[in-house]
Amino acid sequence: MRSPDAEVVVVGLGVFGAAALWRLAVAGVDAVGVDQFAPGHGLGSSHGGTRMFRTACLEHPELVPLARRSGQLWQELARASGEALFEPVGGVLIGPRTGHVVAGTIAAAHRHGLAVQVWDAAELRDRLPRHAGIGDHHAAVWEPAAGLIAAEAAVRAAVRVAVGLGARVTTGTRVTGIELVGGGALVHTAAGTLRARQVVVAAGAWLPTLLPGIAVRVLRVPITWFRPGDPAEADRYGLADVPVFIRELDDGTCLWGHGVYSGGELKLGLEDHGGLLREMDPDGDDRRVGPDDWAPLVRRLDVALPGLDPVPSRAEVCMYPMTPDRQFVLGSPGGDSRLVVAGGDSGHGFKHATGVGEVVADLVRGLPPQVPVAFMNPDRW
Ligand SMILES: Cc1cc2nc3c(=O)[nH]c(=O)nc-3n(C[C@H](O)[C@H](O)[C@H](O)COP(=O)(O)OP(=O)(O)OC[C@H]3O[C@@H](n4cnc5c(N)ncnc54)[C@H](O)[C@@H]3O)c2cc1C
């Protein structure tokens, strides 16, 4: 290969790619980030104002070290950018005491020695009275280290800090193909070809279009914001009353969200849209959100978090790039170090993004990652 344009090209500057670019720049690696849109855009998976952070992860027992490291790195990014990107407002996981949310969180906390409090139903009713319909078989796990990340601001901050450290960024440029060649990789774009020693693909929902061998399905996820039905009640739905939460209901579905953070709105969703998620084409136009999207959620809010206007004040579409086991894809397919993939976030990746970025930077440099990543191996299927 002729002399490269960069040591590393990072394809995609959503939160995974932005964090990877930042950690590569911190490590002194010459890197170029490329995105088809501008960082912080609303067409991928990293938009919608906020993302919930917690370290007591139910999704996989080995995610906890990644979450912990990510928490440290969110603080580091906040310091480096001079922005308050993370609000440690605490978070609560609610549900039947023996259900997967509460029991799974307690198990993760015990296994990793995480600081949590377990509340019985009476304490839960007392502390968080906005949550209605709490039966005696319910319990909650309070994690003080949980909180909210400012989503678009975090993506932009990571890119900006990376650029300050020497990274280069090309936006408005779509990568049309990636070719692994002797000595590196060719990254083809509409504007020409970039030559690099290595390429990091962090293309989110577009991952299957660039690397069709990776098992990712793209699911359409509505995001909705609500206001209290009575505007005079707005003060009763702040983050102190409705902290960051995941709540398993008795029908097995999970509500998630948080109280008013900005703009007088609560952000609320129904995990997996109550089982109604459908596939979408990230380049298609299936982005309008309507009553069919929020009806399953609103039905449950009436019971679990009453008092809200049943028509959302705002709604958007987001995407889950979903893998068969709902774990991320992080590593080099076939062990080929010219290519590192960071994607398949399966709807729970934002909190881990800074840690993912650090793992990418380690893999690029041939260093062993500092946290367990084998369960995210791209070759596991
Ligand atoms: C509704 C919703 C709520 C969520 N809540 C949480 C939460 O509370 N906590 C949590 O931890 N996680 C949460 N997640 C998951 C989290 O948001 C994602 O894990 C994360 O945003 C994934 O980021 P990404 O960088 O992989 O993807 P993206 O943000 O989609 O970034 C991919 C980027 O690649 C670019 N790109 C793709 N293809 C090309 C190409 N060919 N050429 C150039 N550029 C390209 C895209 O333009 C895009 O900018 C939620 C997700 C959704 C949808």
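The values are calculated or read from the model by the stated rules, or taken from the named source; none is laboratory data. Because the structure is a prediction, the values reported are computed rather than measured. Because the Cβ atoms are built from the backbone with ideal geometry, glycine has one as well, and the counts that use them run over all protein chains shown. Keep in mind that these areas ignore ligands, DNA and RNA; they rest on the heavy atoms of the full protein, side chains included. Shrake-Rupley method; radii C 1.70, N 1.55, O 1.52, S 1.80 Å.
Count charges around Leu43 for me, please; just the other residues with Cβ under 13 Å from its Cβ, Lys/Arg as +1, Asp/Glu as -1. Local net charge: -4.
Counting only protein heavy atoms and a 1.4 Å probe, tell me what percentage of the chain's accessible area is made up of carbon and sulfur.
Solvent-exposed carbon and sulfur of the chain make up 51 percent of the total.
Considering all alpha-carbon pairs of the stretch 1-143, what whole percent are spaced by more than 17 angstrom? Tail of P(r) above 17 Å: 70 percent of Cα pairs. Oblate is the label for the stretch 328-381, because the ratio a/c of its alpha-carbon gyration tensor axes (a ≥ b ≥ c) is 1.5 or higher and a/b is not greater than b/c.
In the stretch 213-257, taking the dipole from charged Cβ atoms about the Cα centre, the farthest positive-side position among Trp256, Gly213, Gly238 is held by Gly213.
Is the C-alpha gyration tensor of the stretch 8-65 telling us rounded, prolate or oblate? Criteria: a/c under 1.5 is rounded; beyond that, a/b larger than b/c is prolate, otherwise oblate. Oblate is the answer for the stretch 8-65, as a/c is 1.5 or above yet b/c matches or exceeds a/b.
Would you work out if the stretch 83-150 is rounded, prolate or oblate? Take a ≥ b ≥ c from the square roots of the eigenvalues of the alpha-carbon gyration tensor; rounded if a/c is under 1.5, else prolate when a/b is larger than b/c, oblate otherwise. Oblate.
Charges were assigned to the Cβ only: +1 to each Lys and Arg, -1 to each Asp and Glu. The resulting dipole of the chain about its Cα centre is roughly 880 debye.
Of Gly229, Gly269, Leu85, which is farthest along the charge dipole of the chain in the positive direction, counting Lys and Arg as +1 and Asp and Glu as -1 at C-beta? About the Cα centre, the residue reaching furthest to the positive side is Leu85. The trypsin sites (Lys or Arg not before Pro) of the stretch 278-369 that DSSP puts in a loop, and whose beta carbon has at most 12 other beta carbons within 10 Å, are Arg288. Residues in the chain average 39 Å² of solvent-accessible surface per residue, probe 1.4 Å, ligands and nucleic acids excluded. For the chain, the share of DSSP beta bridges that are antiparallel, to the nearest 5, is 75%.
Within the shell defined by Cβ-Cβ distances under 13 Å, the residues around Thr171 carry a net charge of +3, with Lys and Arg each +1 and Asp and Glu each -1. Applying 1/(1 + (r/R0)^6) with r as the Cβ-Cβ distance of Leu367 and Asp230 and R0 = 56 angstrom yields a FRET efficiency of 0.50.
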